[in-house]
Ligand code: V47
């Protein structure tokens, strides 16, 4: 029986008709056809999506791709972050986390015991991943890094170690005068599991010259990641957006990642990182809006056709926006992330961690099915599976 006022089923347009109408009205009909055919979008298409400002149309198209790739699943991981040091020689203008080497007494340089104690104090928590990132701090010996990975694996053999950005691997190779291959061999031998996606910033030379001149250029970031993938390590990729970069530069960044993924297939997920200006040299900039956060998730889902996963990192864009993003292209919301420091030192007002129940609630409220994953997107637990 129908309630009065309810339309007969045959009169309700199906979802793809609605999205087609949205896209056509937004002047994005050609892109809609490509999305439906699975045809790769061009640089110009990516730019047209951003420039359209049509979030509903772009988000709805991204949702089609998201559901095609990941159905109703929304992934999270139970993880912790470990930042052994914030002393850094790179002086990135966008960073509020680091303390320059010349003022190293204002930062921290934890020794091995101190780092391991961070892991030890969470032995009772059912975490499956530790995510390690730090500054480029010349005061550590080479063995610190391998001992750290080995020490964590000894304490918790079940824990996956996702450690150090491509920029840090380049630093290790140069600082210790070792071939990059050797560094990867040693770190894998110690128990390294994968690489996080940081250090990419925007893979465009103009942006590097302006705000992170001393960090590795795009070509080197891509080379380091290519080498990691050749060693069988998988990694993520990030893009720091919402500062001085243009839409063209964002799309350029995505196209470069897409090309490397065609070569290696080693990327697991893409994570747009929303810039937080507080306590940085760029604190005169406003940072991205919620609209931009959602648009960037959606555009990246549409451009990165060879990436399985797009992560809405709630720490940077707030749990509310991340939850909404689960219906506009994102299929992953990162994790419990206990004690995040990098964006909290740059003024983020989000919590430093969420409990698993809070994550489950967030995902269910968005109409998605929560899936606890491991670090390589294998399913560990389905929460709402129908028996
Ligand atoms: O590379 C630094 C960014 C990155 C700021 O792989 C900032 O799963 C915003 O890469 N405002 C490190 N962002 C963090 C990172 C990451 C995070 C979560 C998950 C994964 C993953 C990787 O943080 C840096 C830089 O791009 N960052 N300062 C800032 N003020």
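The values are calculated or read from the model by the stated rules, or taken from the named source; none is laboratory data. Values in this document were obtained by computation on a predicted structure and should not be read as measured data. Every residue, glycine as well, gets a Cβ built from its backbone with ideal geometry; the counts of neighbours run over all protein chains shown.
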* Asked: Among the residues of region 341-351, how many are at pLDDT below 85 and either under 16 Å from the mean Cα position of the chain (by Cα) or within 13 Å of the ligand (Cβ to nearest atom) (or both)?
  -> 1
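So is residue 317 surrounded by 24 or more Cβ atoms within 10 Å (Cβ to Cβ), farther than 24 Å from residue 98 by Cα and touching a helix residue (DSSP H, G or I) at 6+ places or on another chain (Cβ under 6 Å) or not?
On the way: surrounded by 24 or more Cβ atoms within 10 Å (Cβ to Cβ): yes; farther than 24 Å from residue 98 by Cα: no; touching a helix residue (DSSP H, G or I) at 6+ places or on another chain (Cβ under 6 Å): yes.
No: the conditions fail for residue 317.
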* **Pick from region 352-362, criterion in a loop (DSSP other than H, G, I, E, B) and within 16 Å of the ligand (Cβ to nearest atom), ranking: modelled with the highest pLDDT** => 354
* In region 210-221, the residues that are in contact (Cβ under 8 Å) with a residue 40 or more places away in the chain, crowded, with 18+ Cβ neighbours inside 10 Å and farther than 18 Å from residue 162 by Cβ -> 211, 212, 215, 216
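Do we find that residue 284 is part of a helix (DSSP H, G or I) and closer than 25 Å to residue 315 by Cα in this structure?
Working: part of a helix (DSSP H, G or I): no; closer than 25 Å to residue 315 by Cα: yes.
Here the answer is no, as residue 284 does not meet what is asked.
Residues are listed down the side, and each one gets a yes or a no for (1) assigned to a helix (DSSP H, G or I); (2) closer than 28 Å to residue 192 by Cβ; (3) free of Cβ contacts under 8 Å to residues at least 12 places away in the same chain:
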residue: 225; (1), (2), (3): yes, yes, no
residue: 244; (1), (2), (3): no, no, no
residue: 252; (1), (2), (3): yes, no, no
residue: 260; (1), (2), (3): yes, yes, no
residue: 269; (1), (2), (3): no, yes, no
residue: 277; (1), (2), (3): no, no, no
residue: 292; (1), (2), (3): yes, no, no
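Yes/no matrix, rows are residues, columns are (1) out of contact with any strand residue (DSSP E or B) (no Cβ under 9 Å at 6 or more places or on another chain); (2) farther than 19 Å from residue 198 by Cα; (3) in a loop (DSSP other than H, G, I, E, B):
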| residue | (1), (2), (3) |
| --- | --- |
| 316 | no, no, no |
| 327 | yes, yes, yes |
| 330 | no, no, yes |
| 334 | no, no, no |
| 349 | yes, yes, yes |
| 364 | no, yes, no |
| 370 | no, yes, no |
* To do: Evaluate the following for residue 234: is it more than 13 Å from the ligand (Cβ to nearest atom) and under 17 Å from the mean Cα position of the chain (by Cα)?
  => no
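Is it the case that residue 65 is surrounded by fewer than 23 Cβ atoms within 10 Å (Cβ to Cβ), in a helix (DSSP H, G or I) and more than 16 Å from the ligand (Cβ to nearest atom)?
Working: surrounded by fewer than 23 Cβ atoms within 10 Å (Cβ to Cβ): yes; in a helix (DSSP H, G or I): yes; more than 16 Å from the ligand (Cβ to nearest atom): yes.
Considered against the rule, which asks whether it is surrounded by fewer than 23 Cβ atoms within 10 Å (Cβ to Cβ), in a helix (DSSP H, G or I) and more than 16 Å from the ligand (Cβ to nearest atom), residue 65 comes out as yes.
Is there a residue being free of Cβ contacts under 8 Å to residues at least 60 places away in the same chain and either surrounded by fewer than 21 Cβ atoms within 10 Å (Cβ to Cβ) or within 12 Å of the ligand (Cβ to nearest atom) (or both) anywhere in region 368-376? Can you show your working first?
Residues of region 368-376 that are free of Cβ contacts under 8 Å to residues at least 60 places away in the same chain, as a first pass: none.
No, because not a single residue in region 368-376 is free of Cβ contacts under 8 Å to residues at least 60 places away in the same chain and either surrounded by fewer than 21 Cβ atoms within 10 Å (Cβ to Cβ) or within 12 Å of the ligand (Cβ to nearest atom) (or both).
For every residue, the table says whether it meets (1) near the ligand (Cβ under 8 Å from one of its atoms); (2) in contact with a helix residue (DSSP H, G or I) (Cβ under 6 Å, 6 or more places away or on another chain).
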residue: 247; (1), (2): no, yes
residue: 256; (1), (2): no, no
residue: 262; (1), (2): no, no
residue: 270; (1), (2): no, yes
residue: 280; (1), (2): yes, no
residue: 284; (1), (2): no, no
* To do: Looking only at region 294-314, count how many residues are modelled with pLDDT of 95 or more, over 18 Å from residue 243 (Cα atoms) and assigned to a helix (DSSP H, G or I).
  => 4
